[in-house]
Amino acid sequence: MEYKVVERFVSINGEGRLAGQLAVFIRFAGCNLNCSYCDTQWANKDHVTYESMNAESIYEYIKSTGVRNVTLTGGEPLLRDGISDLLKLLSEDHELLVEIETNGSVDLKKYSAISGNTISFTMDYKLPSSNMESEMNLDNFSYLTKNDTVKFVSGSMEDLEKAKFIIYKYDLINKTNVYISPVFGQIDMKDIVQFMMDNHMNGVTLQVQLHKVIWEPEKRGV
Ligand SMILES: C[S@@+](CC[C@H](N)C(=O)[O-])C[C@H]1O[C@@H](n2cnc3c(N)ncnc32)[C@H](O)[C@@H]1O
Ligand SMILES: Nc1nc2[nH]cc(C(=O)O)c2c(=O)[nH]1
Ligand code: SF4
Ligand SMILES: [Mg+2]
């Protein structure tokens, strides 16, 4: 199986539980959604320039960096079934900690079977301002554990209210890790903190995309 890789680089992870730690990123082409705020729309275009790589060459690249945290992202990394081959290969290397950034629309059942301790999902729940909420696969919540994360990228008060509703309806704080992240530059983070305080949102983590604070927000390859 050949994978379409649009970017591969080492940086600090700007998002999720391993934020601030070095990570090696593999970004795959293409997505089935079209979020209003997507910061990687370029990677989803039909004619994007990509490198064709197989599972072994991706693994070799990862090992050559000497970095142990791996983030598979995109685009939507789980769009094609063949990604299982890569996930199996990576899961066999117990030195690696593999995170998959996925958009919440793809059925995680078949992938959760592969994922041992070394592979974790960071799954978005797409909120109203993304315009993609109707695509969410709610069954996915039953496959997530404390090794995984649900992320609510919020751009409005309506988004925050919906995030709160979903978090408590599905008891997410007791099942998995829960993150709220601002749509970059679109909402005052003070309002998110106030919302968290007003609603006693214990166990929820607010996170800003660190790489956009460190570098120019539009910069690629970081
Ligand atoms: C580009 S997506 C790729 C993975 C997958 N398609 C997804 O949406 O989870 C990676 C992460 O970046 C987040 N993201 C995209 N654009 C953003 C923005 N403008 N501000 C904050 N987060 C953003 C997404 O919500 C997702 O959590
Ligand atoms: N530094 C950095 N950290 C990230 N964490 C998740 C990313 C993504 O685009 O999925 C990302 C990214 O693009 N850059
Ligand atoms: S699902 Fe992810 S890659 Fe696809 S449009 Fe939304 S943010 Fe962008
Ligand atoms: Mg990103």
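Every read-out reported here was derived from the displayed coordinates using simple, explicitly stated rules and does not represent laboratory data. Values in this document were obtained by computation on a predicted structure and should not be read as measured data. Glycine gets a Cβ as well: all are built from the backbone with ideal geometry, and neighbour counts include every protein chain shown.
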Item to check | Lysine pairs within the stretch 62-162, Cα separation less than 18 Å, 8 or more sequence positions apart or different chains | outcome: 7
Next on the checklist: If packing is taken as the average count of other Cβ atoms within 10 Å, what order do 163-171, 148-156 fall into, highest mean first?
Outcome noted: 148-156, 163-171
Next on the checklist: Take Leu138 and Gln207, extend 7 Å from each Cα along the Cα→Cβ direction, and tell me the distance between the two endpoints in nm.
Outcome noted: 2.6
Checklist entry - Once fully extended, how much extra length lies between Ser156 and Asp46, figured as 0.36 nm per residue of separation less the alpha-carbon to alpha-carbon distance? => result 36.6 nm
Checklist outcome for this item: Over all Cα pairs of the stretch 2-214, the Kirkwood radius sets Rh, and Rg/Rh then becomes 0.95
Item to check | P(r) of the stretch 82-124 over all Cα-Cα pairs, binned every 5 Å from zero, in whole percent | outcome: 5, 22, 37, 25, 9, 2
Checklist entry - Counting DSSP beta bridges in the chain, what percent are antiparallel, to the nearest 5? => result 30
Checklist entry - Mind checking which aspartates and glutamates have their C-alpha under 13 Å from Lys190, skipping anything on the same chain fewer than 8 residues away? => result Asp198
Checklist outcome for this item: Along the stretch 60-77, Karplus-curve 3J(HN,Hα) (6.51, -1.76, 1.60; θ = phi - 60°) to the nearest Hz, with x for Gly and Pro, reads 4, 4, 4, 5, 5, 7, x, 9, 9, 8, 10, 10, 9, 9, x, x, 10, x
Checklist outcome for this item: With 0.36 nm assigned to each residue of separation and the Cα-Cα distance removed, Glu95 to Glu56 gains 12.4 nm
Checklist outcome for this item: Singleton cysteines, the chain, no second Cys beta-carbon under 4.7 Å -> Cys31
Checklist entry - Can you list the residues of the stretch 122-155 with backbone N under 11 Å from a point 7 Å past the Cα of Lys175, pointing along Cα to Cβ? => result 138-146, 150
Item to check | Cα-centred dipole magnitude for the chain, charges only on beta-carbon of K, R (+1) and D, E (-1), debye, nearest 20 | outcome: 280
Checklist outcome for this item: Output ordering of 45-55, 132-142, 174-184 (per-residue mean of other Cβ within 10 Å, highest first) is 174-184, 132-142, 45-55
